[in-house]
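Enquirer: Got a structure for you, written out below as structure tokens; questions coming shortly.
The values are calculated or read from the model by the stated rules, or taken from the named source; none is laboratory data. These numbers were taken from a predicted model, which means no experiment stands behind them. Methodologically, a virtual Cβ is constructed for each residue, glycine included, from the backbone with ideal geometry; neighbour enumeration extends over all protein chains shown. Just the protein is used for accessible areas: all its heavy atoms, side chains included, with ligands, DNA and RNA removed. Shrake-Rupley method; radii C 1.70, N 1.55, O 1.52, S 1.80 Å.
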Amino acid sequence: MSSVTINRPDDAPGVTELVLDRPEALNAISTGHARAIVAATAEIAADPAVRAVVLSSSAERAFCVGADLKERNTIDDDGLRRQRLIFRAAFTGILELPVPTVAAVHGHALGGGLELALSCDLIVADETASLGLPEVSVGLVPGGGGTQLLTRRLGWNRAADLIFTARRVDAADGFRLGLVDRLVPAGQDRAAALDLATAIAANSPVGVRNAKRAMRHGLDAPLRSGLDIEDAAWRATAFSGDRKEGVAAFNEKRRPDWPGE
């Protein structure tokens, strides 16, 4: 049985939900769980009908508690090196999805669990969320993108504070710091994330994909290079069927029926 489930909610057109579905272990990332994430993200990335993705959890008390340390305790150094390749592929699979991604976080989101959320474009968290990268407290460093993604999200000083101290923050502090994008009442993280993804999916698929590509590729580029990246994204969108439909729908005062090409 796979530890990841793919749902396509009927009331959220264009949205695909990738559910971390290993509740008995609070979604601790084992080798098998990482492989399931790799397979699921590859399937989603290859589906042109997907316009936005929600990453959620079936566990009541956690989004994901990070690496499965019970399994780690049984792995020798060679096994850890092999597992590392699979783990990197899992985080990369989420990070490189071509459509916007929204993490729906409640309960514990620690270590690799927080890194899964950071691999998404937006993070919705409910009031029960506990967030942190505790790796240095167990003799490791964040290895699922945490040192890079958290620093890009929060800036050096705030990221250094969280990573070097290994401390956890609650959802309110996470929202204040900018770690959380939307803070919602307890139990509402999934619904709010689906609403956000549905709003995104209502827009031009071509425009949204190209906007994400330009933002990601231009993030660390010099300004002139970034503007060239933006220009390429504009050209790829401006002569598409979506642009023609968007202009026609605006002038005819109706909802666009995006061709997605």
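Enquirer: Quick one: would you say ASP228 is surrounded by fewer than 18 Cβ atoms within 10 Å (Cβ to Cβ), not small (Gly, Ala, Ser) and not in a loop (DSSP other than H, G, I, E, B)?
Expert: Answer is yes for this residue.
Enquirer: If a residue must be in contact with a strand residue (DSSP E or B) (Cβ under 6 Å, 6 or more places away or on another chain), part of a loop (DSSP other than H, G, I, E, B) and of a type outside the set (Val, Ile, Thr), how many such residues does the stretch 36-63 contain?
Expert: 1
Enquirer: Name the one entry in ALA221, ALA236 that is modelled with pLDDT of 95 or more, part of a loop (DSSP other than H, G, I, E, B), of a type in the set (A, V, I, L, M, F, W, C) and open to solvent by less than 80 Å² (accessible area, probe 1.4 Å). Lay out the reasoning, then the answer.
Expert: Values: ALA236 fails: part of a loop (DSSP other than H, G, I, E, B).
Sole residue among the options that is modelled with pLDDT of 95 or more, part of a loop (DSSP other than H, G, I, E, B), of a type in the set (A, V, I, L, M, F, W, C) and open to solvent by less than 80 Å² (accessible area, probe 1.4 Å): ALA221.
Enquirer: Considering GLU60, GLU17, which residue is more than 16 Å from GLY112 (Cα to Cα), open to solvent by 40 Å² or more (accessible area, probe 1.4 Å) and at pLDDT 95 or above? So that I can check it myself, show each step before the final result.
Expert: Values: GLU17 fails: open to solvent by 40 Å² or more (accessible area, probe 1.4 Å).
The match here is GLU60.
Enquirer: Filter the stretch 105-150 down to residues that are part of a loop (DSSP other than H, G, I, E, B) and either modelled with pLDDT under 95 or over 14 Å from ARG167 (Cβ atoms) (or both), then give me how many there are. Let's see the steps before the verdict.
Expert: Step one: list which residues in the stretch 105-150 are part of a loop (DSSP other than H, G, I, E, B), which gives 106-107, 111, 119-121, 127-129, 133-134, 139-145.
Checking the rest, the ones that are also either modelled with pLDDT under 95 or over 14 Å from ARG167 (Cβ atoms) (or both) come to 106-107, 119-121, 127-129, 139-141, 143-145.
The qualifying residues number 14.
Enquirer: Filter the stretch 12-23 for residues that are touching a residue at least 40 places away in the same chain (Cβ under 8 Å) and not aliphatic (A, V, I, L, M) and give the result.
Expert: PRO13, GLY14, GLU17
Enquirer: Which pairs have Cβ atoms under 8 Å, sit 6 or more apart or on different chains, and link a residue in the stretch 105-127 that is free of Cβ contacts under 8 Å to residues at least 60 places away in the same chain to one that is among the acidic types (Asp, Glu) and part of a helix (DSSP H, G or I)?
Expert: GLY111/GLU135
Enquirer: Which condition breaks for GLU96 when tested against (1) open to solvent by less than 50 Å² (accessible area, probe 1.4 Å); (2) within 30 Å of GLU245 (Cβ to Cβ)?
Expert: Only one criterion in (1) open to solvent by less than 50 Å² (accessible area, probe 1.4 Å); (2) within 30 Å of GLU245 (Cβ to Cβ) is unmet by GLU96, namely (1).
Enquirer: Next question, about the same structure. Taking the stretch 175-208 on its own, how many of its residues are open to solvent by 60 Å² or more (accessible area, probe 1.4 Å), within 18 Å of the chain's Cα centre (by Cα) and farther than 27 Å from SER130 by Cα?
Expert: Qualifying residue count for the region: 0.
Enquirer: Something else now. Given the conditions (1) touching a residue at least 40 places away in the same chain (Cβ under 8 Å); (2) assigned to a loop (DSSP other than H, G, I, E, B), which single one is not true for VAL102?
Expert: Status for VAL102: all satisfied but (2).
Enquirer: Here is a follow-up. If ALA25 meets every condition in (1) in contact with an Asp or Glu (Cβ under 7 Å, 6 or more places away or on another chain); (2) closer than 17 Å to LYS212 by Cβ; (3) not polar (S, T, N, Q) apart from one, which number is that one?
Expert: The number of the failed condition is (2).
Enquirer: Separate question: Can you pull out the residues in the stretch 24-48 that are over 16 Å from the mean Cα position of the chain (by Cα), open to solvent by 40 Å² or more (accessible area, probe 1.4 Å) and touching a residue at least 40 places away in the same chain (Cβ under 8 Å)?
Expert: ARG35, PRO48
Enquirer: Return the residue satisfying two criteria in turn: it lies in the stretch 64-85 and is free of Cβ contacts under 8 Å to residues at least 12 places away in the same chain and assigned to a helix (DSSP H, G or I), and of such residues it is farthest from LEU110 (Cα to Cα). So that I can check it myself, show each step before the final result.
Expert: Going residue by residue through the stretch 64-85, those that are free of Cβ contacts under 8 Å to residues at least 12 places away in the same chain are 72-82, 85.
Subsequent filtering for residues that are assigned to a helix (DSSP H, G or I) retains 72, 77-82, 85.
Numbers: ARG72: 16, ASP77: 23, ASP78: 25, GLY79: 23, LEU80: 20, ARG81: 22, ARG82: 23, LEU85: 20 Å.
Taking the candidates together, the pick is ASP78.
Enquirer: Within the stretch 151-197, work out how many residues are part of a helix (DSSP H, G or I) and basic (Lys, Arg).
Expert: Step one: of the stretch 151-197, the residues part of a helix (DSSP H, G or I) are 151-154, 156-165, 171-177, 189-197.
Of the ones still in play, those that are also basic (Lys, Arg) are 152-153, 158, 176, 190.
Qualifying residue count for the region: 5.
Enquirer: Could I ask something else about it? What are the residue pairs meeting all of these: first residue in the stretch 242-261, first residue aromatic (Phe, Trp, Tyr), second residue surrounded by 14 or more Cβ atoms within 10 Å (Cβ to Cβ), Cβ atoms under 7 Å, and 6 or more apart or on different chains?
Expert: Listed pairs, sorted by first residue: TRP258/SER204; TRP258/PRO205; TRP258/ASP242; TRP258/GLU245.
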